[in-house]
Amino acid sequence: MKNIKYLLLRRITQFTILFLYFGANAFGWHMLEGTFGASRLFGVLPLADPYTVVQVLASGFVLGADVLLGALIITVFYMVVGGRAFCSWVCPINMVTDLANWLRRKLKLDKEEVNYRFLKRRTRYWIMVLGIIVSAIVGVAAFEVLSPITIMQRGIVFGFGAGISVVIAIFLFDLFGVRNGWCGHLCPLGAAYSLIGSKSIIRVEHNHENCTACMDCKVVCPENQVLHMINKSSISVTDGECTNCGRCVDVCNDDALKFSIRSFAKK
Amino acid sequence: MANSDNNRRKFMATTLQSVGLTALGGMLWSGYSDEVKASPLVLRPPGALPENDFLKACIKCGLCAEACVNRDSNKNKDGSKRAGTLQMAKGGDHKLIGTPFFIPTEVPCFMCDDIPCVPVCPSGALDMPSLLNKEQELDINKARMGLAVVHKESCIAFWGIQCDACYRACPIQGEAITIEHQKNERTGKHAFLLPIVHSDVCTGCGLCEQACVTEKPAIFVLPIEHSTGRAGSHYVKGWDEKDQERVKDAKEIKTKNERSEKEASDYLNMEVEY
């Protein structure tokens, strides 16, 4: 049970959030309405996706105050508390790519060196900036016309249609293409949250004393470049690309990793 | 020295590659985005901004569609819920994905008095002020979702068969669609009862299109941009003060060519060779 504590918590959170969104359309609930682009919590509190808002602003439209306030609330929350937690605790695509990754490990695809090296993890930041530029050129929020995240979410809330093919494409890409290809290399929303959450206070902390260098954490981590301190030094994972998914904490049998509050004093 | 030269070359090559690939991606992405937003024949919710602005502004949250389908009036007699008017564009709908629209023949807009879909819009894509009347109340009659157009060749009323299905379905009965009487010269003793749509009243709700009895509706709603013409400032109703205001600030346009260099009297009665 210890091995899947955070995995289970994340799945429960993801399903609960998606179910609330689904219920808003299907049953008229007022707990969490809308989609990630813009939502309303309990019928009053606006929430909005900061990257979408930036794209819309770049396209040349001044958004309503509700959306701007919503984006501010989300930004502050992840900036101060959650880090990049949206990606692993909320985003539905995370379930798709986690499944692809799990299958990849089971099928031992990485042993076959099918990983394409030309795709770098920093590609997502280029795409993030490019999305804003394209939005300005074309006059429409550019990532939103193909975002598998909102396509999948709207699919769950309103029905999929042919949009399901985008989700399948992501699955196949992560399974047979690049390891962690979408979430770890391409997704501009993940890039935006990496930047927003890079100074947040909830962090995984490594205890070098307990570590037996089994490297289970690095195998399971979707962004394992952030775990550079494993078996080297007792510090927190401070890289914004860490999604706070807690898989490393789950799989560690030596009590060498745990969630903690970032200590600013140590620096 | 050679090593640092190599490093520099490698750095330059990598930078060039990144910039090149980004430019490639940007072009493909721009082209794709531009194509997918070009779906002009789409009917938007009440109060929607002009299509180009709407596509920018809509944040694809679906709050309008949720408010539409969950409104109190959207229930059958047994209490079960009906399908909503507003749909969210899915892949395969060939409309900008995630934006709300409606198809009158499936579910038209029922023109709710309280317009539940509009005040919930957080982004401003559905412009509430455009639907306020003089008393600052929401007035659905101010909506211009589209404009109904009659194809007179397939409208059986124009054949002389008596049908006023669209007229009766119209929520602004007798104003948005009126029935014009005309003599049927073919029989010599019957009247045509012809449906005429008035674009200053029609909201484009589509109830007429849904009600139309012909196999493919002879009255149908098109977006305003596609169902209207424009006379332009060359043509002004000289008898209409309001219409004259259209050209109040018109500027004189001077054409400059070989001919304009002369006075009109110099050339009007002469043959000019061009």
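So the values come out like this:
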| read-out | value |
| --- | --- |
| Selection from the range A:21-52 of residues that are of a type in the set (A, V, I, L, M), in contact with a Gly (Cβ under 8 Å, 6 or more places away or on another chain) and at the interface with chain B (Cβ under 9 Å from one of its Cβ atoms) | A:ALA24, A:ALA38, A:ALA48 |
| Matching residues, the range A:1-55, being crowded, with 23+ Cβ neighbours inside 10 Å, in a helix (DSSP H, G or I) and without any contact (Cβ under 8 Å) to a residue 40 or more places away in the chain | A:VAL53 |
| Any hit, the range A:211-218, residues being assigned by TED's automatic domain parsing to the domain that holds A:ALA256, touching a residue at least 12 places away in the same chain (Cβ under 8 Å), in contact with a Lys or Arg (Cβ under 9 Å, 6 or more places away or on another chain) and surrounded by fewer than 20 Cβ atoms within 10 Å (Cβ to Cβ) | no |
| Those residues of the range B:91-104 which are closer than 17 Å to B:ASN74 by Cα and surrounded by fewer than 23 Cβ atoms within 10 Å (Cβ to Cβ), in sequence order | B:ILE103 |
| Criterion: at pLDDT 90 or above, touching a Phe, Trp or Tyr at 6+ places or on another chain (Cβ under 9 Å) and either in the same structural domain as B:GLN173 (by TED's automatic domain parsing) or aliphatic (A, V, I, L, M) (or both) - qualifying residue of B:VAL150, B:VAL118 | B:VAL150 |
| All positions within the range A:156-168 that are within 11 Å of chain B (Cβ to nearest Cβ) and in contact (Cβ under 8 Å) with a residue 12 or more places away in the chain | A:VAL157, A:PHE158, A:GLY163, A:VAL166, A:VAL167 |
| Those residues of the range B:57-90 which are buried (at least 19 other Cβ atoms within 10 Å of the Cβ) and of a type in the set (Gly, Ala, Ser), in sequence order | B:ALA57, B:GLY62, B:ALA65, B:ALA67, B:GLY84, B:ALA89 |
| Selection status of A:CYS242, outside the structural domain of A:ALA192 (by TED's automatic domain parsing), surrounded by 14 or more Cβ atoms within 10 Å (Cβ to Cβ), within 26 Å of A:LYS120 (Cα to Cα) and in contact (Cβ under 8 Å) with a residue 40 or more places away in the chain | yes |
| Per-region count, the range A:210-267, residues over 18 Å from the mean Cα position of the chain (by Cα), over 22 Å from A:ILE12 (Cα atoms) and part of a loop (DSSP other than H, G, I, E, B) | 24 |
| Residue tally, condition more than 21 Å from the chain's Cα centre (by Cα), surrounded by 14 or more Cβ atoms within 10 Å (Cβ to Cβ) and not aliphatic (A, V, I, L, M), over the range B:119-158 | 4 |
| Members of the range A:127-175 that are within 19 Å of the chain's Cα centre (by Cα) and of a type in the set (Phe, Trp, Tyr) | A:PHE143, A:PHE171, A:PHE173 |
| Qualifying residue in the range B:49-68 (condition: facing chain A (nearest Cβ under 9 Å), part of a helix (DSSP H, G or I) and β-branched (Val, Ile, Thr)) | no |
| Pair list, Cβ < 9 Å and 6+ apart or interchain, from the range A:186-200 residues that are touching a residue at least 40 places away in the same chain (Cβ under 8 Å) to residues that are of a type in the set (Phe, Trp, Tyr) and part of a loop (DSSP other than H, G, I, E, B) | A:LEU189/A:PHE36 |
| Meets criteria (small (Gly, Ala, Ser), in contact with a strand residue (DSSP E or B) (Cβ under 7 Å, 6 or more places away or on another chain) and more than 26 Å from B:SER39 (Cβ to Cβ)) for B:GLY174 | no |
| Filtered residues of the range A:53-82 (kept if closer than 15 Å to A:TYR193 by Cα, hydrophobic (A, V, I, L, M, F, W, C) and within 12 Å of chain B (Cβ to nearest Cβ)) | A:VAL53, A:VAL54, A:ALA71 |
| Of residues in the range B:1-46 being surrounded by 11 or more Cβ atoms within 10 Å (Cβ to Cβ) and of a type in the set (Lys, Arg), the one farthest from the other protein chains (Cβ to nearest Cβ) | B:ARG44 |
| The one condition in (1) within 21 Å of the chain's Cα centre (by Cα); (2) exposed (fewer than 11 other Cβ atoms within 10 Å of the Cβ) that B:GLY206 fails to fulfil | (2) |
| Residues of the range A:123-148 satisfying the condition of being touching a residue at least 40 places away in the same chain (Cβ under 8 Å), within 14 Å of A:SER194 (Cβ to Cβ) and facing another protein chain (nearest Cβ under 8 Å) | A:ILE127 |
| Residue match in the range A:63-77 (condition: outside any helix (DSSP H, G or I) and without any contact (Cβ under 8 Å) to a residue 12 or more places away in the chain) | yes |
| Close pairs (6 angstrom Cβ cut-off, 6 or more residues apart or separate chains): more than 20 Å from B:MET128 (Cα to Cα) in the range B:138-153, aromatic (Phe, Trp, Tyr) and in a helix (DSSP H, G or I) anywhere | B:LYS152/B:PHE158 |
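Conditions tested, residue by residue: (1) farther than 27 Å from B:SER33 by Cα; (2) touching a helix residue (DSSP H, G or I) at 6+ places or on another chain (Cβ under 9 Å).
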site	(1), (2)
B:LYS95	no, yes
B:PRO108	yes, yes
B:GLY124	no, yes
B:PRO129	yes, no
B:LYS134	yes, no
B:ASP139	yes, yes
B:ALA157	yes, yes
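The values are calculated or read from the model by the stated rules, or taken from the named source; none is laboratory data. It should be emphasised that the depicted structure is a prediction, and the values quoted were computed from it without experimental measurement. Please note: Cβ atoms are built from the backbone with ideal geometry, for glycine as well, and neighbour counts cover all protein chains shown.
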